[in-house]
Amino acid sequence: MQKLKSHFEVVSSQRGGILFLLLVCTGLLITYLFVDFNREPALDISSEEILALQAEIDSIRRLREEENKPKIYPFNPNFISDYKAYTLGLTTEEFDRLKSYRQEGKWINSVSDFKRITGVHDTVLDRISPYFKFPDWVTRTRRGNGFANRTSSQASSEIIDLNAATLEQLQEINGIGPALSQRIIAYRDKLGGFSHELQLYNVYGLSDEVITRALLRFKVHTPAPIQQLNINTASASDLATIPGVSFDLAKEIWEFRRLRERIDSLDELTKIQGITPRKLKLIQLYLSVE
């Protein structure tokens, strides 16, 4: 009993703490009994002002999302890259079908052609087809003569001989205006007629993209003859007569051949600084390895 009693005895230094604890408990009890914790928050998130502000924030967020989406500009569906196909929403299989079709030398000339060849879903087609841009001559012919129902082989009958093309016909190609069309004809006259479509790459100001579009409409049907030079016997002066080859470049080709004693393939010329694959295609028209 004496031992139990000792547990309830407190010294004077502990009484203050016990009193403070009782006061805290009493204060908490009174707060719980008399304070209404169910009052509405000071900020009413359902008010018209808050809802209007939230709507404005949502609108800005949607606008930012639209700005961050890849932008689509008018394009010819015959010339899309892997990345372009990805941004347009085409699957790998759909792009592979398009690529295989183009590698056969065939052309897509309408939205229905694109749908038939790729098998793209209508949702994707409806979104991207307004941006399809076919050559002007395809669009006009399709509009006037029901071109959408014609085959690619039938369309080839519209191809014009590049050596007979007029200024007006050249200017029908998107990217070729009066200045470039005159430049093409002037270069044709200088050559005495085109021998190959690749010679368009020597016309100053014509981009690869514009040339690609032009070759949908024009081909060389009546090629001018080219007297090819034997690269293994030609002098530097002879090589300098090739269109697009300066005398300095001709000298480098000549020295390159002398060091190797013989060139067995014109592809070896790409090892010369300044001869790009595109320039090599042009040079090859005038050279042989006989």
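Just a few scattered comments:
- Subset of region 236-248 that is part of a loop (DSSP other than H, G, I, E, B) and within 17 Å of ILE272 (Cα to Cα) - its residue that is modelled with the lowest pLDDT: GLY244
- Some residue of region 105-112 being exposed (fewer than 15 other Cβ atoms within 10 Å of the Cβ) and at pLDDT below 80: yes
- Residue count for region 166-187, restricted to those that are more than 27 Å from the chain's Cα centre (by Cα) and charged (D, E, K, R): 2.
- Residue within region 132-144 that is surrounded by 13 or more Cβ atoms within 10 Å (Cβ to Cβ) and modelled with pLDDT of 85 or more present: yes
- Which numbered condition GLU158 misses (of (1) modelled with pLDDT under 55; (2) surrounded by 13 or more Cβ atoms within 10 Å (Cβ to Cβ)): (1)
- Residue pairs whose Cβ atoms lie under 9 Å apart, sitting 6 or more positions apart in sequence or on different chains, and linking a residue in region 10-34 that is at pLDDT below 70 to a partner that is not polar (S, T, N, Q), are VAL10/ILE18.
- Residues (in a loop (DSSP other than H, G, I, E, B) and touching a residue at least 60 places away in the same chain (Cβ under 8 Å)) located in region 203-222: LEU216, ARG217, HIS221, THR222
- Among the residues of region 86-120, those identified as β-branched (Val, Ile, Thr) and either out of contact with any strand residue (DSSP E or B) (no Cβ under 9 Å at 6 or more places or on another chain) or in a loop (DSSP other than H, G, I, E, B) (or both) are THR87, THR91, THR92, ILE108, ILE117, THR118, VAL120.
- Of all residues in region 70-90, those that are within 14 Å of PHE132 (Cα to Cα) have Cβ atoms under 7 Å from Cβ atoms of residues that are aliphatic (A, V, I, L, M), 6 or more apart or on another chain, in ILE72/ILE128; PRO77/ILE108; ASN78/ILE108; LEU88/ILE128.
- TYR83 being at pLDDT 70 or above and assigned to a loop (DSSP other than H, G, I, E, B): no
- Within region 173-191, the set of residues being within 16 Å of GLY244 (Cβ to Cβ), aliphatic (A, V, I, L, M) and either touching an Asp or Glu at 6+ places or on another chain (Cβ under 7 Å) or surrounded by 12 or more Cβ atoms within 10 Å (Cβ to Cβ) (or both) comprises ILE184, LEU191.
- Residue among PHE218, PHE194 that alone is in contact with a strand residue (DSSP E or B) (Cβ under 6 Å, 6 or more places away or on another chain), surrounded by 15 or more Cβ atoms within 10 Å (Cβ to Cβ) and more than 21 Å from ALA250 (Cα to Cα): PHE218
The values are calculated or read from the model by the stated rules, or taken from the named source; none is laboratory data. Note that the structure is a prediction, hence the values are computed from the model and not measured. Backbone-built Cβ (ideal geometry, glycine too); neighbour counts: all protein chains shown.
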